[in-house]
């Protein structure tokens, strides 16, 4: 996780501090960088088993007047639907956990 931290430092007017002037004060804070550490979130495993699309399933093809038409099978559709449903369920779990941890504002 990467974050950007900006420091808002009030401007110093000349002669406010005896040993520094405004230009030196502002130049000092110009390129200050820092590191931020975040504790890891406590999350659960997303789904009992990953469900992926079965690429081994073959579509039907039909040739009419030398034009090849390809039609997905019910098995291909069902495999794709199962993969989508697993992905959607995992997304909803992740979104709910990010919301519970305060990392996102809206569900």
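Before moving on, here are some points about what is shown:
- Residues of region 63-86 satisfying the condition of being without any contact (Cβ under 8 Å) to a residue 12 or more places away in the chain and surrounded by 10 or more Cβ atoms within 10 Å (Cβ to Cβ): 69, 77, 78, 81, 84
- Residue satisfying all of: in region 33-53; in contact with a helix residue (DSSP H, G or I) (Cβ under 6 Å, 6 or more places away or on another chain) and modelled with pLDDT of 70 or more; surrounded by the most Cβ atoms within 10 Å (Cβ to Cβ) among these: 51
The values are calculated or read from the model by the stated rules, or taken from the named source; none is laboratory data. If you're wondering where the values come from, they're calculated on a predicted model, not measured in any experiment. With ideal geometry, Cβ positions are generated from the backbone for all residues, glycine too; neighbour counts draw on all protein chains shown.
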